[in-house]
Amino acid sequence: MMAKRLLFGADCRRKYVSVIRNAICSEIHGSSWMKGCAANVQGRWPKVENAMERLPTSVSAKIPFKRRMCSTFQSTIDQAEIKKFQSLAQKWWDENGEFQALHTMNDLRVPFIRDTLINYIGSRQSGSPLSGVRLLDVGCGGGLLSEPLARLGAVVTGLDPVEDNIRTAEVHKSPDPFLNKQLQYKACSLEDITEECSECFDAIVASEVLEHVADRETFINCCYHVLKPSGHLFITTINKTNLSYLIGIIAAEWIFSIVPRGTHEWEKFVIPEELERQLESNGFYVESINGMYYNICSGLWSWTESTSINYALHAVKSKDTQHPESENPVSEETIQSYANSAS
């Protein structure tokens with residue numbers, strides 16, 4: 001009986017590898033095709049069938065956004081998301097575990113951040129191209145991205161609301177004296193630091209975070225508040241398309257178990273045009289949007305012209321747009337004091 005189950009499971013996986021490959025190559029977004037996929041799993045894989053029945057048929061309506069003042073910030077924290085990641089806090093540095101895709105994503109996102117910053121500010125020191133750059137890694141988890149950015153010379157502050165994630169990050173960096181000097185962690189949300197650190201950072205990284213926050217507009221507004229004028233915002237996230245539902249949820253969570261089931265909610269995904277509009281209404285201008293492709297078979301990432309599943313975005317805080325509560329930026333002494341207090 002066990003052998004039959006294994007053979008049946010392998011057969012199903014081979015079949016859906018073919019389905020997914022065809023979907024990606026054709027970039028099919030029509031809901032009728034997706035419903036066809038649902039018909040194929042009917043009676044064969046009940047849990048996947050149930051997930052397919054919840055297939056959304058259209059993206060959310062495009063609505064205008066209005067920047068809020070800091071005094072009206074709502075929480076960006078979703079308690080359900082906290083519970084999800086609390087149970088995974090000890091697994092961040094297992095390169096073959098639940099976060100394997102994030103480990104290999106560094107092959108794209110680290111050079112993307114490094115090269116973009118060098119292009120704008122120049123390399124300040126050989127061997128440490130990001131020397132002198134104050135960088136905030138929001139939703140840093142166990143520090144998978146914070147550490148390589150700190151090794152490039154940036155002074156990095158990693159934020160995460162899950163205390164166990166921060167403990168894992170601290171333990172991992174503790175044997176390295178260089179990282180202990182360059183990298184500090186804080187167990188808190190982004191909005192918790194907005195008042196004490198207005199215009200502190202040269203760059204903010206929010207990688208695979210937007211799809212987990214409770215209030216995206218508040219999150220973006222907080223990013224604006226803590227960035228210096230002309231500061232850089234780097235985002236990687238998931239598009240809100242039928243294809244992203246098939247790949248990001250059905251395939252990644254239900255079929256191949258690349259990430260735990262329930263990790264993502266399609267309703268929290270965001271189309272690039274909507275995100276761009278929301279950023280611009282909060283004082284940013286978008287410089288680039290690039291598609292990212294994850295090869296399920298090889299476990300590797302590559303750049304692609306299509307943004308239909310994953311994408312990376314680079315935005316810059318406008319020098320001409322004054323935030324309502326940033327008319328008197330903090331001094332360099334305050335910035336240095338904040339960096340020291342985080343250590």
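The values are calculated or read from the model by the stated rules, or taken from the named source; none is laboratory data. Owing to the predicted nature of the structure, the values given are computational and were not obtained by experimental measurement. Cβ sites come from the backbone with ideal geometry, for glycine too, and all protein chains shown count toward neighbours.
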Practice task
Could you grab the pairs with beta carbons closer than 6 Å, sequence gap of 6+ or different chains, first residue in segment 154-172 and under 16 Å from Leu136 (Cα atoms), second one surrounded by fewer than 22 Cβ atoms within 10 Å (Cβ to Cβ) and β-branched (Val, Ile, Thr)?
Solution key: Pro161/Ile77
Fill in the blank from the handout: The residue that is modelled with the highest pLDDT, considering only those in segment 251-301 that are aromatic (Phe, Trp, Tyr) and surrounded by fewer than 17 Cβ atoms within 10 Å (Cβ to Cβ), is Tyr285
Exercise for the section: Name every residue in segment 101-125 that is of a type in the set (S, T, N, Q) and loosely packed, with under 15 Cβ neighbours inside 10 Å, in order of residue number. Expected result: Asn119, Gln125
Fill in the blank from the handout: Exception for Ala150 within (1) crowded, with 23+ Cβ neighbours inside 10 Å; (2) within 28 Å of His264 (Cα to Cα); (3) of a type in the set (A, V, I, L, M) falls at (2)
Handout entry: Meets criteria (of a type in the set (Lys, Arg), in contact with a Gly (Cβ under 7 Å, 6 or more places away or on another chain), buried (at least 18 other Cβ atoms within 10 Å of the Cβ) and more than 19 Å from His314 (Cα to Cα)) for Lys84
Key = no
Exercise for the section: Restrict the check to segment 318-327 and report whether at least one residue is assigned to a loop (DSSP other than H, G, I, E, B), modelled with pLDDT of 95 or more and crowded, with 16+ Cβ neighbours inside 10 Å. Expected result: no
